[in-house]
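Below you'll find the structure, written out as structure tokens, and then a few comments.
Laboratory data are not the source of any read-out in this text; all were calculated from the coordinates shown. The shown structure was predicted, so the numbers you read here are calculated from the model rather than taken from an experiment. Glycine also receives a Cβ, built like all others from the backbone with ideal geometry; neighbour counts cover every protein chain displayed.
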Amino acid sequence: MSEQCVFCGHKHLSSKTTRYIYQKDEQMLVVEHVPCLECTFCGEQYFDALVLEKIENDYQAITDQQRQPQRVMQVAVEDFAALSL
Ligand SMILES: [Zn+2]
């Protein structure tokens, strides 16, 4: 593979799947098993533009209620300044 990590310059990127979190306004869409290339040195992940477009379209379809997500998960939200540990 001729790809190179633009982050650290490492030359080996491996094909993986990962959890992608799409965020827009106060909404989030979590997509599991998204194909990506991951730098084996620094862990930076690269996504194909088509993959991201697909996720964005799906987010839009869910927002417009044309599609139901497979499941809905609850997310806890904190402000770092409020953390006591
Ligand atoms: Zn890298």
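For the chain, the longest principal axis of the Cα atoms and the long axis of helix 49-63 meet at an angle of about 0 degrees. Projecting the alpha carbon convex hull of the chain along each direction and taking the average yields 8.1 nm². Selection among 5, 29, 59 by position relative to the dipole of the chain gives 5 as farthest towards the positive end (Cβ unit charges, Cα centre). The GluC sites (Glu not before Pro) found in the stretch 23-85 that occupy coil by DSSP, while having at most 12 further C-beta atoms within 10 Å, are 26, 78.
Rounded to the nearest 500, the helix-only mean residue ellipticity at 222 nm of the chain stands at -6000 deg cm²/dmol, with each DSSP H run of n ≥ 4 adding -39,500 (n - 2.57). Placing +1 on the Cβ of every Lys and Arg and -1 on the Cβ of every Asp and Glu, with no other charges, gives the chain a dipole of roughly 300 debye about its Cα centre. Under the criterion of Cα pairs below 8 Å and six or more residues apart, the relative contact order for the stretch 13-72 equals 25 percent. Cross-link partners for residue 24 among the lysines, with Cα-Cα distance under 30 Å and sequence neighbours closer than 8 places in the same chain left out: 16, 54.
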